[in-house]
Amino acid sequence: MKNIILTVMVSLSAGLGLPALTWAAGAAETSLNLTRHAVGYGALIIFVVAYLFVMAEEFTHMRKSKPVLLAAGIIWGMIAWIYVGNGMPHAAEVAIRHNILEFAELLLFLLVAMTYINAMEERLVFEALRVKLVCAGFSFRKLFWITGVLSFFISPVADNLTTALLMCAVVTAIGKDNVKFVGLACVNIVVAANAGGAFSPFGDITTLMVWQKGIVDFWTFFALFIPSAVNWLVPAFIMSFAVPKSNPSTCEINVQMKRGAYIVMGLFLLTICTAVSFHNFLHLPPMAGMMTGLAYLKIFGFYLKMTHKNGPGKPNWDPDKANEELGDTLPFDVFRSIARAEWDTLMFFYGVILCVGGLGFIGYLAMVSDTMYTGWGPTQANIMVGILSAIVDNIPVMFAVLSMYPEMSQGQWLLVTLTAGVGGSMLSIGSAAGVALMGQARGMYTFFGHLKWTPVIALGYAASIYVHFLVNKSMF
């Protein structure tokens, strides 16, 4: 029983510690196995307690980044103390730098995505879309399905995080004070965006990694379209009965997007294409393409500022025309959009990456790898990968699987691609999309609000696996 409990606790951390694990394997003569040491057990306990605080955010009202930031510092402090005491003062330093590099790439990618979202919000893009949808006479139930369909079909082109952020901004603009609708719609968006990204080579970073490694070719990914659709449609159909039947309460007709709104949207699409191209063709991190795209916005923001004609202090300033399409009261400032990024979410990722990176450096990931793929077999292990991705983000989980590189059939590689992509939908903290939406729709989309629908999401998860074995049986 003790070993089973330990395996489950370690499994919570599978994947994020890949850089540390790789380094330790390449320098085995200078690494210590602390899996049976008091520091190892202590690190596991600290991580689990920190995550319990994250899950209780709705009740404690303590931001989720606080406990994991503290846990990360304590875990790495204990590790470094042991290594210094054993005459290896720089071992922990080298390992933690690998984890910091992982966080830096994630931070910069998310920061650019959030900046564009905030810029489009400032240009009234989502408010205009809200008005258009509301005035079209759609009920909350129809809007629930519209945002879900858009999430499912946009995420294969963009990434699931970007899609979720876009659709959440629309939902919060539409629902405003209707907490029940926003919560349900956000759950639906997370499930749809994760499912949509699972059947496209560049719909999710996990699928992109499998594609780039040459394990599955471009067109083979689309064999997952039907299983992915089932994964979303099953819970969406059940949740739709809980959506309020009423219509949004207001219909503001005269909302216009501000000057340059269409160009900002175009630059966002160009930024996504740049990130995908950098990763696909130049083998550079997607973050490099996103940061290049931030330059697009900054340069266009400079143009907006230089051509700003309707601000205080200008000779022709007219406050009655301040919101017209040709000008605004205040000039566009890209740094205001950067400042409004969800920093709590970004700090949360820092804490999680370093916490789990520390557990990987201690030696627990090797234990998990041997237990899952050697002991259980590929089907059970790949299904468990999806369950693990509901607790730990799917990207590091897929990193771990690729590093293990177990010998599997094409169907099994597609299975782990599917489960890693959609398994995170079962919990709000299981994917970057869910974590980001908890920050963007704070108070309306919460961990426990998502947890209420976990059984029906799990039903969709099981159905998608069954359908995959059914329609793609020739690949096994």
Read through the list (1) among the β-branched types (Val, Ile, Thr); (2) closer than 18 Å to Ile429 by Cα; (3) at pLDDT 75 or above; (4) crowded, with 19+ Cβ neighbours inside 10 Å, then give the number of the only condition that Ile362 fails.
-> (2)
Pairs under 7 Å by beta carbon, first residue within 11 Å of Lys132 (Cβ to Cβ) in segment 244-258, partner modelled with pLDDT of 75 or more and open to solvent by 40 Å² or more (accessible area, probe 1.4 Å), six or more apart or different chains?
-> Val255/Leu124; Val255/Glu127; Met257/Leu124
Determine whether segment 69-90 contains at least one residue that is touching a Leu at 6+ places or on another chain (Cβ under 7 Å), open to solvent by 10 Å² or more (accessible area, probe 1.4 Å) and at pLDDT 90 or above.
-> yes
Take segment 268-296 and flag every residue that is farther than 14 Å from Thr162 by Cβ and modelled with pLDDT of 90 or more.
-> Ala288, Met291, Thr292, Ala295, Tyr296
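Just give me the residues in segment 414-457 being open to solvent by 10 Å² or more (accessible area, probe 1.4 Å), in a helix (DSSP H, G or I) and under 20 Å from Pro227 (Cα atoms), in sequence order. Lay out the reasoning, then the answer.
At the first step, the residues of segment 414-457 found to be open to solvent by 10 Å² or more (accessible area, probe 1.4 Å) are 426-427, 432, 438, 440, 442-444, 446-449, 451-456.
If we keep only those that are in a helix (DSSP H, G or I) too, we end up with 426, 432, 438, 440, 447-449, 451, 454-456.
Listed by number, the residues that qualify are Met426, Thr454, Pro455, Val456.
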Residue match in segment 130-139 (condition: buried (at least 22 other Cβ atoms within 10 Å of the Cβ) and of a type in the set (A, V, I, L, M, F, W, C)) | no
(1) modelled with pLDDT under 50; (2) surrounded by fewer than 16 Cβ atoms within 10 Å (Cβ to Cβ); (3) of a type in the set (S, T, N, Q): which one isn't true of Thr60, the others all being true?
-> (1)
Which condition number does Gly197 fail, the rest of (1) out of contact with any Ser or Thr (no Cβ under 9 Å at 6 or more places or on another chain); (2) closer than 23 Å to Glu102 by Cα; (3) modelled with pLDDT of 75 or more being met?
-> (1)
Search segment 180-204 for residues that are without any contact (Cβ under 8 Å) to a residue 40 or more places away in the chain and pair each with any residue that is of a type outside the set (Lys, Arg) and open to solvent by 10 Å² or more (accessible area, probe 1.4 Å) when their beta-carbon atoms are under 6 Å apart and the residues are at least 6 apart or on different chains.
-> Pro201/Trp211; Pro201/Phe218
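Suppose we filter Val171, Val149 for residues that are within 28 Å of Gly421 (Cβ to Cβ), among the hydrophobic types (A, V, I, L, M, F, W, C) and surrounded by fewer than 21 Cβ atoms within 10 Å (Cβ to Cβ); which single one remains? Give the derivation first.
Values: Val171 fails: surrounded by fewer than 21 Cβ atoms within 10 Å (Cβ to Cβ).
The conditions single out Val149.
Hey, among Leu101, Leu124, which residue is open to solvent by 30 Å² or more (accessible area, probe 1.4 Å) and at positive phi? Full working, then the answer.
On the way: Leu101 fails: at positive phi.
Only one candidate passes the filter, namely Leu124.
Looking at Lys142, Lys132, which is the one that is under 23 Å from Phe237 (Cα atoms) and free of Cβ contacts under 8 Å to residues at least 24 places away in the same chain? Steps first, answer last, please.
On the way: Lys132 fails: under 23 Å from Phe237 (Cα atoms).
Within the list Lys142, Lys132, the selection yields Lys142.
The values are calculated or read from the model by the stated rules, or taken from the named source; none is laboratory data. Because the structure is predicted, anything quoted here is derived from the model rather than measured. Counting neighbours? That spans all protein chains shown, and the Cβs are built from the backbone with ideal geometry, glycine included. Each accessible area value is taken on the protein alone, full model and side chains, heavy atoms only, with ligands, DNA and RNA left out. Shrake-Rupley method; radii C 1.70, N 1.55, O 1.52, S 1.80 Å.
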